[in-house]
């Protein structure tokens, strides 16, 4: 035992390496954060995270990530959002900027500008604002730049 022989500034070393594990039949890499802001919860502030976060409650403020944000059905988000991928099933009031993609699913609503290289929108979604689509390098064609867009797709039957 070398308890008394260790120097205070030395930290014991371990052979720990990142491991993959299964959680609820979903493969999770070490270092990923999976968080849920559930129904009935409210949060006001700045949210910065790695991994995937799902919001099913109310959020007001600012959201920043390079990863994935999911706005669940019934969620109400009033925020400036900057993310890698944003998936909207609820209501968002504020601007969304995504470096990878934005997915708008029915019965989602967005009131604000969206900027992304890839946008998908289901029938029944409401988008009230501006839309700008261009490649990550900034050399792609812009769509709807500066022009307000009010889109209400017909309900799917």
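Structure data summary
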item	result
Fewest-first sequence of 37, 69 by Cβ atoms within 10 Å of each Cβ	37, 69
Residue exposure sequence - 105, 34 - by fewest surrounding Cβ within 10 Å	34, 105
Virtual spin-label span in nm between residue 80 and residue 120, 7 Å along Cα→Cβ	2.9
Least to most buried among 44, 56, 67 (fewest other Cβ within 10 Å first)	44, 67, 56
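Every number here is computed from the coordinates shown, using simple stated rules; none is lab data. Keep in mind that this is a model prediction, so the values were computed, not measured. Counting neighbours? That spans all protein chains shown, and the Cβs are built from the backbone with ideal geometry, glycine included.
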